[in-house]
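Encoded as C-alpha cells, the structure appears first; notes follow it.
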Amino acid sequence: MSDSASVIPEHPPVTDWINDFDHTDPRWTENPFPIWDALRAHSPVVHTERFLGCYLPTTYEAVKEIAYDTEHFSSRRVIVRDVRPEVIPSPPITSDPPAHKPAKQLLLPSFTPDAVKKLEPRVRAICNALIDEFVNDGRCDAAARYTKHIPVRTIAHMLGIPEEDGDLFIRWIHEILELGIKNNDLLMGAIHEMSAYFAGQIAQRKKSPTDDLVSTLMNAKDIDGQPLSDAHVVGSLRLLLIAGIDTTWSAIGSALWHLARTRSDCQRLIVEPALMPIAIEELLRAYSPVTMAREVTKETTVSGCPVKPGNMVLLSFPAANRDPAMFRDADKVVIDRKENRHAAFGLGIHRCVGSNLARMEITVAIEEWLKRIPDFRLDPAGRVTWSEGTVRGPRQLPILFGNAN
Amino acid sequence: MSGKLKIRVDPEKCQGHARCKSLAPGLFDLDEFGNAHERGDGSVPAGLEDRAWLARSNCPEIAIEVIEE
C-alpha cells in the first residue's frame, strides 16, 4: 500500500508460479483465480521457498486434510509472513488441542445465530446511517464509505468499546494483516498498541463493570474454574477485533462488487428476497475472503504430496472453494446453488467463531443497500482495488447509482 | 424417496456452521455453543423432505445423515 511502500522490501516478481508462488504478488492480489487453477492443474500441493518455506494446498480435498489434521499442522502461527518471530497467542485461533476447545467454548455462546440476531436491528441502523451520508450524491466509493464501517461499528458495539475508535482499529488491522507480512516493526507496534488499548478497557471495567463482551470474557472461568488471565482476555479481544473487521468488510465488498456488475443477480434478489441466504453462501464461496495458515510440525503427506516441518502452509479456503472437483461450474457464481459445502469459514475445529455474525452483517448490508439503492453499477471511470495478503476484498469500490454518470 | 425420512447429526463431526439450521429450521436445533442436533427423534415431517436433503447437501463437515426408512 502506498502509505509506507518505501520501507517495505519488495519481493521479486514471480516468474514460476508452480515452484515460487507468492500471495503478495500484485497479479495474485488483482486476480488470483487463474493462478489457482494453473497450480491446481499441476498438483494438489505446491511449494515456495519464499516466506522461509511455504506450501499451498490447491484442492478442496488437500485443504480439508490439513484443516482436520491438528497432529501434523499447528495453528500457533496463523499468518504467512517474511519472518517468524515470537508467537503471540490469541486464543482460540492460535490454539491447538487440547487448549483449543475450552478457549473456543468461552466465545461460542456470544456468537450463536440467536445471539447475533439480537444485534441485527443495530446493524440495520448502522447501514442506514452510512447510506444516508452518500445516497444523494449519486455515487460513492462503497469500500471507503460503506462496507468498511459496518463490521467496525458492529464489533465495537458488541465489545462495548467506542465506535469512534474505528479508524484506530482499521489502522491496526492494516498494519497487522497487510503491511505486517513484510514489516515486523509495524506489526509488533500495532499489536502492542492494541494490547495496551484493551488493557485500558479491562482496567476501566474492573472499576465499573459493564454488560458487554469484554466483561463476559473477564468474568469467564477456565476449565479449572479459575478466572482467565488478563493476557488471555487481551489475546481473545485482539482476535475478535482482527478477525471480525476486514474479513467481513471484504465479504460485503465482494458481494456488492459482484451485484454491481451482474444486473441479473441483483434483480433476482430484489424480486425474490427469500433467495438471499442461499445467494450469500454462494458469494461467500466464489469470493471467500479469508486464507488461514498452519505451521508444519511433523513430517507427513497431503493428498500424496510430502510436507516437511519448518514450513508454513497457506490454507487457502478460497482456492478450495474454486475446485471444480468439488463444485460444478466452480468458476461461476450460481446465485441459487443448491449444493454448496463451501469452506469460506474454515473446516474442522477452527471453524470461524464469528461466522453467524459475519453472515448476519453481510445479509443485512446487502438487504439495506438494495432497499435504498436498487439500481447501481461499477463506475467505469473509477478503479476497483483489492487488498493484499490473506484477506481479499475490494478496498476501493467506485459505484454509480441510478442514472448518474 | 417414497418412504419416511430420518435425519441424524454426528456430534463428533458438527462444528457449528449452522447451515442446517438456516436451511431447515424446523428439523434442527442448536445447543448453547451453536452446535446442531436433530429435533426430536429426527423424523422428518411430511413436506420437509426437500429441506432435509438440502441441509445435508450444504453441511461442510458432512455431519448430517439422511436415512430413508
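The values are calculated or read from the model by the stated rules, or taken from the named source; none is laboratory data. Note that this is a predicted model, so its numbers are computed, not measured. When we count neighbours, we look across all protein chains shown, and the Cβ atoms used for this are built from the backbone with ideal geometry, even at glycine.
Results, tabulated for the structure shown:
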| quantity | calculated |
| --- | --- |
| Yes/no for A:Ala319 being out of contact with any Cys (no Cβ under 6 Å at 6 or more places or on another chain), touching a residue at least 24 places away in the same chain (Cβ under 8 Å) and farther than 21 Å from B:Ala63 by Cβ | yes |
| Test for A:Ala358: is it closer than 19 Å to B:Cys20 by Cβ, within 13 Å of chain B (Cβ to nearest Cβ), touching a residue at least 24 places away in the same chain (Cβ under 8 Å) and part of a loop (DSSP other than H, G, I, E, B) | no |
| All positions within segment A:90-111 that are among the hydroxyl-bearing types (Ser, Thr, Tyr) and within 12 Å of chain B (Cβ to nearest Cβ) | A:Ser110 |
| Residue in segment A:324-338 that is facing chain B (nearest Cβ under 10 Å), in a loop (DSSP other than H, G, I, E, B) and surrounded by fewer than 20 Cβ atoms within 10 Å (Cβ to Cβ) present | yes |
| Subset of segment B:34-69 that is within 13 Å of chain A (Cβ to nearest Cβ) and in a loop (DSSP other than H, G, I, E, B) - its residue that is surrounded by the most Cβ atoms within 10 Å (Cβ to Cβ) | B:Gly34 |
| Selected residue [surrounded by 16 or more Cβ atoms within 10 Å (Cβ to Cβ), modelled with pLDDT under 95 and part of a helix (DSSP H, G or I)] from A:Ala67, A:Ala143, A:Ala103 | A:Ala103 |
| Lone unmet requirement of (1) in a helix (DSSP H, G or I); (2) under 22 Å from A:Arg294 (Cα atoms); (3) at pLDDT 95 or above for A:Ala38 | (2) |
| Candidates A:Asp22, A:Asp114, A:Asp37, filtered to the one that is surrounded by fewer than 16 Cβ atoms within 10 Å (Cβ to Cβ) and of a type in the set (Asp, Glu) | A:Asp114 |
| Residue in segment A:310-320 that is within 11 Å of another protein chain (Cβ to nearest Cβ), at pLDDT 95 or above and either in contact with a helix residue (DSSP H, G or I) (Cβ under 7 Å, 6 or more places away or on another chain) or surrounded by 17 or more Cβ atoms within 10 Å (Cβ to Cβ) (or both) present | yes |
| Unique residue being at negative phi, over 19 Å from the mean Cα position of the chain (by Cα), β-branched (Val, Ile, Thr) and part of a helix (DSSP H, G or I) when the list is A:Ile202, A:Ile161 | A:Ile202 |
| Residue in segment A:282-310 that is farthest from A:Ile79 (Cα to Cα), counting only those that are among the aliphatic types (A, V, I, L, M) and outside any helix (DSSP H, G or I) | A:Val302 |
| Some residue of segment A:381-392 being at positive phi and buried (at least 21 other Cβ atoms within 10 Å of the Cβ) | yes |
| Residues of segment A:138-172 satisfying the condition of being in contact (Cβ under 8 Å) with a residue 40 or more places away in the chain and farther than 21 Å from A:Ala255 by Cα | A:Met158, A:Leu159, A:Gly160, A:Ile161, A:Phe169, A:Trp172 |
| Segment B:16-33: number of residues that are facing chain A (nearest Cβ under 7 Å) and touching a Phe, Trp or Tyr at 6+ places or on another chain (Cβ under 8 Å) | 3 |
